[in-house]
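Q: Below are the structure tokens for one structure; questions will follow.
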Amino acid sequence: MKLEFFFDCSSPWTYMGFEMIQPLAKEFNVDITWRPILVGGIFNQVNPGVEFFKVRERIPQRKLDHMLKDIGDWEDALGIRVKFPPTGHPVNSVKVMRACLLLAPQGKLVPFARRCFQVYFGEDRLISDDAVITDICKDTGIDSQWLFPAIAEQSAKDALRANVDEAIARGAFGSPTMFLDDVDMYFGVDRIQLLRKAMERNRANR
């Protein structure tokens, strides 16, 4: 089985999915292919004329109130802290998502991304801020003096853009988006139970 996880650290639902997808993959003995993206970049292309950073203004208050209940329920279920909305939401996550791309081959993507989620949603600190990113690097054993020049390279910019373009081409419209065996797409934390069923069928058919 091939399992891909397209994600952006600026999304609370992605934080939940990030924590849920790892034990699921371990249970099925499947490696996760982590695919960093910019959810705003996907949104702006899929929804032309609707500005991503103003979309929250269009959500009815009743729906927002229920969303906060949902978030609280997920916090209890997963044992994580999610303040919503955090300061500056939605945050520009481009630097940390480029960093995730560069850290993946080193095996450091997961601890770095997890700390980004914790800092943004648990500690209410902006992950767009260089000083905050530097602290995240310290917490995860990453050399920030190497990282900042590396994420400014054109190759890092192009790689993240390529992930966004690929996600859109394959049908994605948000984060988290998961693919099982390249073509079977699941969107959102609440679809992970459906992904599990698909993985069970896949395993049974082998």
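Q: Determine, yes or no, whether residue 132 is farther than 20 Å from residue 83 by Cα, at pLDDT 95 or above and not small (Gly, Ala, Ser). If you could, list the steps in order and put the result at the bottom.
A: On the way: farther than 20 Å from residue 83 by Cα: no; at pLDDT 95 or above: yes; not small (Gly, Ala, Ser): yes.
Spelling it out, it is not the case that residue 132 is farther than 20 Å from residue 83 by Cα, at pLDDT 95 or above and not small (Gly, Ala, Ser).
Q: In the range 47-86, which residues are among the β-branched types (Val, Ile, Thr), loosely packed, with under 13 Cβ neighbours inside 10 Å and either modelled with pLDDT of 90 or more or over 27 Å from residue 129 (Cα atoms) (or both)?
A: We begin by selecting, within the range 47-86, every residue among the β-branched types (Val, Ile, Thr); these are 50, 55, 59, 71, 80, 82.
Next, from what is left, pick out any that are loosely packed, with under 13 Cβ neighbours inside 10 Å: 50, 59.
Within the range 47-86, just 59 meets the criteria.
Q: Same structure again: Kindly indicate the residue of the range 12-46 that is free of Cβ contacts under 8 Å to residues at least 60 places away in the same chain and part of a helix (DSSP H, G or I) and also surrounded by the most Cβ atoms within 10 Å (Cβ to Cβ) among those meeting that condition.
A: To start, the set of residues in the range 12-46 that are free of Cβ contacts under 8 Å to residues at least 60 places away in the same chain comprises 23, 25-27, 29, 31-33, 40, 44.
Within this subset, residues satisfying the condition of being part of a helix (DSSP H, G or I) are 23, 25-27, 40, 44.
Working: 23: 9, 25: 17, 26: 11, 27: 10, 40: 21, 44: 16.
Step by step, filter the range 12-46, then rank; the result is 40.
Q: Of the conditions (1) over 17 Å from the mean Cα position of the chain (by Cα); (2) hydroxyl-bearing (Ser, Thr, Tyr); (3) crowded, with 20+ Cβ neighbours inside 10 Å, residue 134 satisfies every one except a single condition; which number is it?
A: It is condition (3) that residue 134 fails.
Q: For the structure I just gave you, tell me whether residue 6 is at pLDDT 80 or above and surrounded by fewer than 18 Cβ atoms within 10 Å (Cβ to Cβ).
A: Numbers: at pLDDT 80 or above: yes; surrounded by fewer than 18 Cβ atoms within 10 Å (Cβ to Cβ): no.
In short, no.
Q: Just checking, how many residues over the range 162-205 are modelled with pLDDT of 95 or more, touching a Leu at 6+ places or on another chain (Cβ under 8 Å) and part of a helix (DSSP H, G or I)?
A: Here the count works out to 7.
Q: Right, residue 205: at negative phi and under 16 Å from the mean Cα position of the chain (by Cα) or not? Write out each step before concluding.
A: Numbers: at negative phi: yes; under 16 Å from the mean Cα position of the chain (by Cα): no.
So residue 205 fails the test.
The values are calculated or read from the model by the stated rules, or taken from the named source; none is laboratory data. Keep in mind the model is a prediction, meaning the values are calculated, not measured. Backbone-built Cβ (ideal geometry, glycine too); neighbour counts: all protein chains shown.
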